[in-house]
Structures are given as C-alpha cells and as structure tokens.
1. Excluding same-chain residues fewer than 8 positions from LYS361, which lysines have a Cα within less than 22 Å of its Cα?
2. Between the range 141-180 and the range 282-310, what's the alpha-carbon centroid distance in Å?
3. In whole Å, what is the distance between the alpha-carbon centres of the range 49-114 and the range 26-48?
4. Determine the sum of side-chain charges near GLY150: Lys and Arg each +1, Asp and Glu each -1, restricted to other residues whose C-beta is under 13 angstrom from that of GLY150.
5. Under 10 Å from the Cβ of VAL48, count the other residues' Cβ atoms, weight Lys and Arg +1, Asp and Glu -1, and hand me the total.
6. Select from GLN372, GLN162, GLN343 the residue whose mean-square fluctuation is largest in a Gaussian network model of the chain (Cα-Cα springs shorter than 10 Å).
7. Residue by residue, what Karplus-based ³J(HN,Hα) values in Hz, rounded to whole numbers, does the range 371-384 have, using 6.51, -1.76 and 1.60 with θ = phi - 60° and x for Gly and Pro?
8. Select from LEU352, SER296, LEU266 the residue farthest towards the positive end of the dipole of the chain; place +1 on Cβ of Lys and Arg, -1 on Cβ of Asp and Glu, and compute about the Cα centre.
Amino acid sequence: MERSALEQLQLKRLQATVRRLAKCVPFYQQKLAERGIKPGDIKSLADVRRLPFTTSADLRATYPKGMVTLKDGQLSRLHTSSGTTGKPKALFFSRKDVDNAAELMARCLTMAGVTHLDVFQNMMTYGLFTGALVMHYGAEKVGCLVIPSGPGNTEKQLLLMQDFRSTALHITPSYALYFAGYLESKGIDPRRDLALSKAFVGAEPYTEETRRKIETLLGVDVYNSYGLSEMNGPGVAFECEHKHGMHLWEDNFILEIIDPHTGEPLADGARGELVLTTLCREAMPILRYRTRDITSVIPEPCPCGRTHRRLNRIAGRTDDMLIVRGVNIYPQQIEQILMSLPQVGRNYLILLDGLDEMTVKVELAEAGFDGQVEHLVSLQNEIVSRLRAEILTKPKIDLVPPGTLPVSEGKARRVIDNRKL
Ligand code: DLL
C-alpha cells in the first residue's frame with residue numbers, strides 16, 4: 001500500500017478507536033476530558049500526539065475489566081502479563097480480535113516464506129502467555145501442520161522433530177541455544193539429520209551474534225519476531241526475507257518513538273521508547289501504550305518493497321523488567337516475596353548467568369538462623385516454591401549471612417545480568 005493510502009486508513013481507524021473509547025471506557029473518558037479532547041478533534045494523524053499515554057500502571061489500576069469495551073458474553077479470550085507486583089495485566093480479545101491477531105501472525109509467517117507445506121513446531125509456552133497461542137492460530141491460518149509441543153522436554157522435542165520432519169520452529173533465543181547444545185551432545189547434525197529450515201525467535205532480547213549462532217548451530221534462517229501482550233502478543237513486528245529490521249504492521253498500529261523522559265516525539269532513525277496505539281482492536285483498544293522498549297525506526301525503505309516501516313532490534317528497556325526464559329519478571333515481584341518472610345534480612349541480589357540461569361542470593365535476618373541446618377533447608381525450599389508460583393521459573397536460592405551482600409550507595413543494584421544472549 002502507498003504510504004498516503006496507508007496513512008488515510010490509519011486516520012480513519014484512529015478516529016473510530018477514539019470514538020469507541022470515548023463511548024465505552026471511563027478511564028479514557030476521564031483522560032480525554034482532562035485534555036479537553038472530543039473524538040471529533042482528531043482530524044489528522046499528527047493529532048495522535050494530543051491523546052493521552054497509557055502505561056502499564058494504568059492497565060493494572062483498571063484490572064480486571066476496566067478497559068473493556070464489550071459486554072460479558074462478547075469476549076472470547078483472556079491473556080495476562082505480569083505486572084510489577086501483585087495483580088497481572090488482563091488483556092481481552094473478542095472473536096474478531098482473535099481472528100485478526102491470527103491474520104497478522106499469518107502475514108508475518110507468509111512474509112518469511114512459510115507455506116502450507118511447513119511443519120511448524122511451536123516451542124513457546126501455551127497458556128496465559130500470548131506467545132504460543134497467537135502464533136499457533138497464525139500458523140494454522142497459513143495452513144501449516146502445527147505441533148503444539150510447548151517448551152521444555154527436550155528429548156521429546158527432538159523426537160517430534162525427527163519423526164514429523166519439522167521445518168519451522170517458534171522458540172525463545174535462550175531455548176534455541178540450549179537446544180543446539182543438546183543436539184550437539186547427542187551427536188546430531190541438524191543439516192544431515194533434521195529437516196529444519198526456519199526459526200522464529202523472539203519474546204526476549206537477543207543480539208545479532210546470537211542470531212548468527214542459532215543459524216549456524218541449528219542450520220536455519222532466524223527471523224526476529226517482536227510483540228507484547230498489550231498489543232495481541234507476537235505478530236506486531238517481524239522480519240522479511242532481508243532479515244534487517246522488523247516491519248511493524250502500521251495498518252493495525254500507530255507507531256511513535258518518543259524521548260522517554262520528555263514524552264516528545266523523535267524523528268525516524270533516533271533511538272527512543274516505542275509507543276503503540278491499536279487501530280483494529282475491538283475488546284480492548286489501547287491509546288499510546290508506553291512499551292518501555294528502546295528502539296528506532298529504520299528510515300530507508302526496505303528493498304522488499306513493503307511500505308510498513310521497520311524497527312531496529314530492541315536495544316533495552318526503560319524499566320527494570322527482566323525476561324527469563326520468555327517470562328517477564330520484575331525484580332519487585334521477587335522482593336515482595338522475600339520481604340514477606342521474617343527470616344529474610346534486608347538485602348538480596350538477583351544473578352543471571354549462562355542461558356537464563358537465575359540465582360537469588362538472600363541475606364538472612366540477624367535472628368534468621370538458629371544454627372539448625374534443616375531450618376535453612378526448609379526456608380530455602382519455601383522461597384523456591386513461592387517464587388516459582390509468582391515468576392513461573394525456578395531460581396536457585398543461596399542463603400547468605402547478614403551483611404555480606406554489597407551495599408550500594410544511591411540506587412541499589414539488585415540485578416547482575418551476565419547472560420550471553
Ligand atoms: O513476549 C510476545 C511475543 C511472544 C513476542 C513470542 C515474540 C514472540 P510479553 O510477554 O508481553 O509478550 O513480553 C513483551 O518482551 O515489551 C519486549 O520487552 C520483549 N520482547 C518481545 N519480543 C522481543 C524481541 C511477548 N524480538 C516484551 N526482541 C516486550 C527483544 C522482545 N525483546
């Protein structure tokens with residue numbers, strides 16, 4: 001689509017989205033009233049800047065259903081994403097939203113050359129996380145044979161891959177590297193023994209070097225895939241055959257890059273925070289969502305000819321959210337649990353190593369250790385099981401004597417990330 005036609009379509013959809021929110025969602029009614037904006041005031045695409053931002057905190061404050069525009073009985077799916085503490089963010093889809101998310105995903109896969117002849121092994125987590133389900137529906141829409149293997153159980157993954165001749169994988173970068181190591185330990189050469197040709201890799205940050213490593217070790221083309229639960233999950237931006245930046249589907253989202261400190265828009269090419277507005281969502285449209293992801297738009301047109309602009313690889317986040325094995329984790333979630341235990345002292349440190357190994361060093365309280373080793377073991381077990389329930393991953397817990405962890409002046413450094421991704 002020519003840019004001018006695309007922008008006209010965006011404006012029409014933005015106007016409809018603002019009208020819908022002004023009618024149905026008290027949160028936006030109030031925000032628009034505060035700015036003195038009526039839906040009729042949105043006359044050009046540049047007017048998007050007059051609209052309020054939406055933050056992750058806003059989604060938590062309106063939990064569970066404050067942002068929903070539809071009545072009960074009209075909703076078809078719920079996904080969630082972790083928040084900083086306590087309640088998650090709830091994201092609702094109508095029937096049409098589910099279809100539309102699948103359509104965008106199918107568009108991504110088709111762009112990367114996937115067809116109905118592909119056997120698609122979906123190694124992401126099925127469940128409240130959007131990663132696997134949204135991709136699953138998209139791959140089915142393309143006509144692939146989809147294997148909903150989920151993550152883990154590496155031996156079985158290999159068996160499925162061998163017996164059903166999987167050609168495409170959907171996988172996190174950390175699991176892809178782990179899986180490559182497993183193949184090596186079993187003496188399997190993917191080029192000789194398997195039928196793999198493509199891997200769609202995302203849900204967590206990784207570098208260009210990691211992409212090349214996965215490509216070499218698994219004998220596949222790796223395509224970067226970006227998305228977030230608040231915007232359907234995967235399928236927001238995806239690489240084409242040139243594998244240089246991810247086309248963001250601008251007919252479905254308005255893309256802005258802003259200075260995270262001032263909120264002011266930045267020009268194409270400048271690095272800043274990605275802000276997204278949904279244009280086609282029915283159940284839960286969101287205006288100007290602060291993704292916290294740092295990136296930039298690639299200003300040049302893509303040689304593939306698509307007019308949807310490309311995003312550079314995500315360079316980091318403006319908050320302290322960590323992604324471990326594809327799961328979003330805020331250090332505050334860990335802190336809340338640790339600090340609720342009387343045996344735990346004041347200080348803790350989260351260490352991330354290798355391919356997503358998490359260790360939490362926890363200082364005992366002065367009165368936290370009575371000399372009995374079994375009390376330490378049971379405290380350790382309790383911390384592990386409570387953390388596992390909260391952050392869905394099982395960290396190693398090191399209990400250390402009071403006052404032994406480094407105390408920083410000023411802002412505490414709670415996380416040391418030495419991962420090689
Ligand atoms: O991770 C959606 C997704 C699933 C995308 C599968 C791609 C593949 P959330 O759990 O809400 O949704 O996490 C969203 O993950 O704001 C980024 O910080 C990070 N992220 C996602 N994809 C990438 C990527 C899914 N390709 C958060 N590179 C986002 C870097 C990524 N970071």
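1. Those lysines meeting the cut-off are LYS394, LYS396, LYS411, LYS420.
2. Centre-to-centre distance over Cα atoms comes out at 28 Å.
3. Comparing the Cα centres of the range 49-114 and the range 26-48, I get a distance of 21 Å.
4. Charge balance in the 13 Å sphere: +2.
5. Once positives and negatives cancel, what remains is +1.
6. Greatest mean-square fluctuation among the candidates belongs to GLN372.
7. x, 9, 4, 5, 5, 5, 5, 6, 5, 4, 5, 5, 4, 4
8. Ranked along the dipole, the leading option is LEU266.
The values are calculated or read from the model by the stated rules, or taken from the named source; none is laboratory data. Not measured: the values here are computed from a predicted model. Every residue, glycine among them, receives a Cβ derived from its backbone with ideal geometry; neighbour counts consider all protein chains shown. Surface areas here come from the heavy atoms of the whole protein model, side chains and all, with no ligands, DNA or RNA. Shrake-Rupley method; radii C 1.70, N 1.55, O 1.52, S 1.80 Å.
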